[in-house]
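Q: Dropping the structure in here first, questions after.
The values are calculated or read from the model by the stated rules, or taken from the named source; none is laboratory data. Since the structure is predicted, the reported quantities are computational estimates derived from the model, not experimental observations. Reconstructed Cβ throughout: ideal geometry from the backbone, glycine too, with neighbour counts over all protein chains shown. The protein model used for the area step is the full one, side chains on, heavy atoms only, and it has no ligands, DNA or RNA in it. Shrake-Rupley method; radii C 1.70, N 1.55, O 1.52, S 1.80 Å.
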Amino acid sequence: MKQEIRLIRSRRKTISIEVTTDAQVIVRAPNRAPLSDINRFIGEKADWIDKSLNKMRERKEEQSQKKELSPQEIKLLVTRAKRIIPQRVRYYADLMGVTYGRITIRMQKSRWGSCSGKGNLNFNCLLMRTPETILDYVVVHELCHLKEMNHSERFWAEVEKVLPDYKERRKWLKDHESEIMYDSL
C-alpha cells in the first residue's frame with residue numbers, strides 16, 4: 001500500500017481511519033497514542049484501506065464520466081418543480097392535517113428537502129428527475145417534520161402512517177442519487 005496517510009491527533013480516546021470521497025486516508029488518534037500503536041492499527045486495517053481506496057477511485061472515475069446539468073436544464077427543472085411540488089405538498093398536508101409556511105424550490109447539492117422551525121419547506125429541483133413516488137416520499141418526510149422536528153422513532157412512525165413503504169422509497173433515493181445529480185454522457 002503506497003498511499004499518503006494524514007494523521008490528526010486530538011483529545012479522542014480511540015484510533016480511527018477514514019477514507020474520504022477524494023481518496024485520502026485520514027487516521028485520527030489520541031494525542032498520547034504512541035506511533036507504534038498507530039502504525040500497528042494501520043497495518044491491521046491495510047486490506048480495508050485498500051478496498052475502500054479502490055471503491056473511492058472507482059466512484060471518482062464514474063463521476064468523471066458524467067456531466068453536470070446545464071443552467072438551462074436546471075432552470076427547466078425549477079420551473080417544473082414550482083408547478084408540481086406545491087400541489088403534492090397541499091395534497092399531503094390536507095391528508096395529514098398539518099399547515100406549512102412558504103415553499104422554496106432550488107438546486108441543492110446535498111439535500112432533497114428541509115423544513116425550517118417556522119414551517120417553511122425547501123425542496124431540491126432535482127426531485128423532478130425522480131419517480132412521483134419518490135417525490136411524494138420527500139414531501140411527506142418534510143411535512144412530518146411539522147409534527148416531529150427530528151428523526152426519532154416517533155418521526156418515522158408519522159412517515160409510515162402516510163407511506164407504509166417509505167423504507168423502500170428512501171432506499172431508492174439513496175441508491176439512485178448519483179444518476180439524479182448528473183447527466184450520463
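Q: If you check every pair at least six apart or on different chains, which have Cβ atoms under 6 Å apart with a residue in segment 133-161 that is under 18 Å from residue 119 (Cα atoms) first and a residue that is of a type in the set (Gly, Ala, Ser) and in a loop (DSSP other than H, G, I, E, B) second?
A: Note: pairs meeting the criteria are 146/119.
Q: Further, regarding this structure: Could you please let me know if residue 39 is open to solvent by 40 Å² or more (accessible area, probe 1.4 Å), within 24 Å of the chain's Cα centre (by Cα) and of a type outside the set (A, V, I, L, M)?
A: On the way: open to solvent by 40 Å² or more (accessible area, probe 1.4 Å): yes; within 24 Å of the chain's Cα centre (by Cα): no; of a type outside the set (A, V, I, L, M): yes.
In short, no.
Q: Also, I was wondering about something else. Assuming residue 182 fulfils every condition listed in (1) out of contact with any Asp or Glu (no Cβ under 7 Å at 6 or more places or on another chain); (2) at pLDDT below 95 apart from one, which condition is it?
A: Exception for residue 182: condition (1).
Q: Moving on to the next point. Residues 61, 18: which one is surrounded by fewer than 12 Cβ atoms within 10 Å (Cβ to Cβ), under 21 Å from the mean Cα position of the chain (by Cα) and over 23 Å from residue 130 (Cβ atoms)?
A: Numbers: 18 fails: surrounded by fewer than 12 Cβ atoms within 10 Å (Cβ to Cβ).
One residue alone meets the criteria, 61.
Q: Let me ask something else. I'm trying to understand the selection: among the residues of segment 127-141, which are within 15 Å of the chain's Cα centre (by Cα) and either surrounded by fewer than 20 Cβ atoms within 10 Å (Cβ to Cβ) or among the small types (Gly, Ala, Ser) (or both)?
A: 134
Quick grid of which residues meet (1) among the basic types (Lys, Arg); (2) closer than 21 Å to residue 177 by Cβ; (3) in contact with a Phe, Trp or Tyr (Cβ under 8 Å, 6 or more places away or on another chain):
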position	(1), (2), (3)
31	no, no, no
37	no, no, no
42	no, no, no
45	yes, no, no
48	no, no, no
59	yes, yes, no
72	no, no, no
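Q: Does segment 64-86 hold any residues that are of a type outside the set (Lys, Arg) and either touching a residue at least 60 places away in the same chain (Cβ under 8 Å) or open to solvent by 100 Å² or more (accessible area, probe 1.4 Å) (or both), and which are they? Before the answer, list the steps.
A: Step one: of segment 64-86, the residues of a type outside the set (Lys, Arg) are 64-65, 68-74, 76-79, 81, 84-86.
65, 68, 69, 71, 72, 73, 76, listed by residue number.
Q: May I pose another question? So which residues in segment 1-20 are of a type outside the set (Ser, Thr, Tyr) and either out of contact with any strand residue (DSSP E or B) (no Cβ under 6 Å at 6 or more places or on another chain) or assigned to a loop (DSSP other than H, G, I, E, B) (or both)? Reasoning before the result, please.
A: Taking segment 1-20 first, the residues of a type outside the set (Ser, Thr, Tyr) are 1-9, 11-13, 15, 17-19.
Answer for segment 1-20, where residues must be of a type outside the set (Ser, Thr, Tyr) and either out of contact with any strand residue (DSSP E or B) (no Cβ under 6 Å at 6 or more places or on another chain) or assigned to a loop (DSSP other than H, G, I, E, B) (or both): 1, 2, 3, 4, 11, 12, 13, 15.
Q: List every residue pair whose Cβ atoms lie under 9 Å apart, where the two residues are 6 or more positions apart in sequence or sit on different chains, the first residue falls within segment 1-22 and is in contact (Cβ under 8 Å) with a residue 24 or more places away in the chain, and the second residue, located anywhere, is part of a loop (DSSP other than H, G, I, E, B).
A: Close Cβ pairs (under 9 Å, with a partner that is part of a loop (DSSP other than H, G, I, E, B)) amount to 3/23; 3/24; 5/24; 9/31; 9/32; 9/33; 15/33; 17/45.
Q: Pick from segment 162-184 the residues that are hydroxyl-bearing (Ser, Thr, Tyr) and either within 17 Å of residue 68 (Cβ to Cβ) or in a loop (DSSP other than H, G, I, E, B) (or both): which of them is most open to solvent (accessible area, probe 1.4 Å)? Break it down stepwise before answering.
A: Taking segment 162-184 and keeping what is hydroxyl-bearing (Ser, Thr, Tyr), we get 166, 178, 182, 184.
Next cut, either within 17 Å of residue 68 (Cβ to Cβ) or in a loop (DSSP other than H, G, I, E, B) (or both) only: 178, 182, 184.
Working: 178: 36, 182: 61, 184: 92 Å².
Once the filter is applied, the top-ranked residue is 184.
Q: Test of understanding: among 33, 23, which residue is within 22 Å of the chain's Cα centre (by Cα), surrounded by 15 or more Cβ atoms within 10 Å (Cβ to Cβ), in a loop (DSSP other than H, G, I, E, B) and hydrophobic (A, V, I, L, M, F, W, C)? Before the answer, list the steps.
A: Values: 33 fails: within 22 Å of the chain's Cα centre (by Cα).
One residue alone meets the criteria, 23.
Q: Select from segment 49-58 the residues that are polar (S, T, N, Q) and surrounded by fewer than 15 Cβ atoms within 10 Å (Cβ to Cβ) and list them in ascending order. If you could, list the steps in order and put the result at the bottom.
A: To start, the set of residues in segment 49-58 that are polar (S, T, N, Q) comprises 52, 54.
Result: 54, single match.
Q: Does segment 111-118 include one or more residues that are under 17 Å from residue 137 (Cα atoms) and open to solvent by 70 Å² or more (accessible area, probe 1.4 Å)?
A: At the first step, the residues of segment 111-118 found to be under 17 Å from residue 137 (Cα atoms) are 111-115.
Of the ones still in play, those that are also open to solvent by 70 Å² or more (accessible area, probe 1.4 Å) are 111.
Yes - at least one qualifying residue is present in segment 111-118.
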